[in-house]
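Nothing in this text is a laboratory measurement; each read-out follows from the coordinates by a stated rule. Predicted model, so just to flag it, every value in this text is computed and none were measured. Because the Cβ atoms are built from the backbone with ideal geometry, glycine has one as well, and the counts that use them run over all protein chains shown.
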Amino acid sequence: MAITIHAIRPDFAGEVAGVDLRTPISKQDVAAIEAGMDRYAVLVFRDQRISDDEQMAFTKNFGGIEHAQGGNITKDDEYRLKEGMIDVSNLDKLGQPLDRNDRRRMFNLGNRLWHSDSSYRAIPAKYSLLSARTVAARGGNTEFADMRAAYDALDEDMRATVENLICEHSLMYSRGSMGFTDLTDAERAMFRPVRQSLVRTHPVTGRKSLFLASHIGAIVGWPVPEARDLIRDLIEHATQREFVYVHVWRQYDLVIWDNRQTMHRVRRFDESEPRDMRRTTVAGDAMTAEQASA
Ligand SMILES: [Fe+2]
């Protein structure tokens, strides 16, 4: 059965049918999915009852797997999932929901801010693949914003303003904006800001997009309050409802998004119940800006 993709919104978010992700897929199918990603930036696969190994095998069709190091405050002996799997659940190692005051929970609440995965790494991520193993009874939607459409909608003056700007991204900035500042020296060192271009060009389609995230805390050469004012304005612009697809999760959905063309955030849900979401990430292949010398 051949892969088909139908648009959920015109040119943003598509739903894929005709593929079973439990088994290896053909080169043609990989190419069809990549082409769908280039066009829609978010693809939804329904009813994919996959294991972690099957998810990782599918992920590797699109590039190398990015690992979790440097992206969280979870300690090595606290991980619930194997190497290569990113735990985006609300669960501890024993499968119990984290306590309200658990540091890891408070840190993870930062995922409710608009962001692009791994924009705080010098080489930011290509795709993220999120598999819904247990969904929230209510809430917990993931919202995606189209950063290409957001760029296209800027007026000429704003396009000229943002064209060559370089931003500093760090998990310290996004968490700090939520009042979570309780970090150790080692964590602060791990979360050292990296530089990213504010405007990026997609390597295949050539389309420009805004590379925004709540991880941004500064613009190189700008006073900090002025930088944050501009970034807030741009995020507000880019996340208007006309640019947003809201994904309502069903169990065994797998959603892939292109972090180079989108932002996303998760919405509130009842955290006394398990919500087991497992992510794999396809590593990017290049920096978007030169890094500051250490
Ligand atoms: Fe994310």
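Tabulated data for the structure shown
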read-out	value
Separation of the D77 and D270 label points, Cα + 7 Å toward Cβ, nm	3.5
Along the chain, longest interval not containing exposed trypsin sites (Lys or Arg not before Pro), exposed being DSSP loop plus at most 10 other Cβ atoms within 10 Å	139-294
Whole-Hz couplings from phi, Karplus 6.51/-1.76/1.60, listed for the range 28-42; x for Gly and Pro	5, 5, 4, 5, 5, 5, 4, 5, x, 5, 4, 7, 9, 6, 9
Long-range amide H partners of F211 with built H, under 5 Å	V199, R200
Partners for K93 among lysines (Cα-Cα distance below 17 Å; same-chain residues under 8 apart left out)	K75, K82
In Hz, Karplus ³J(HN,Hα) per residue of the range 219-233 (6.51, -1.76, 1.60; θ = phi - 60°; x = Gly, Pro)	10, 4, x, 10, x, 4, x, 5, 4, 5, 5, 5, 5, 4, 4
Helix-only mean residue ellipticity at 222 nm for the chain, each DSSP H run of n ≥ 4 adding -39500 (n - 2.57), per residue, nearest 500	-6500 deg cm²/dmol
DSSP-defined beta bridges in the range 1-154 - what % are antiparallel, rounded to 5	65
S89, S131, S197, S26 arranged by Cβ crowding within 10 Å, fewest neighbours leading	S26, S197, S89, S131
Centre separation in Å (Cα based) which lies between the range 69-124 and the range 217-266	19
Rounded to 5, percent antiparallel among DSSP beta bridges of the chain	95
Amide H contacts under 5 Å for G139, placed H, 5+ residues apart	none
Amide hydrogen neighbours beyond the local backbone of H247, cut-off 5 Å, H modeled	T142, E143, F144
Aspartates and glutamates with Cα under 18 Å of K27, excluding same-chain neighbours fewer than 8 positions away	D38, E54
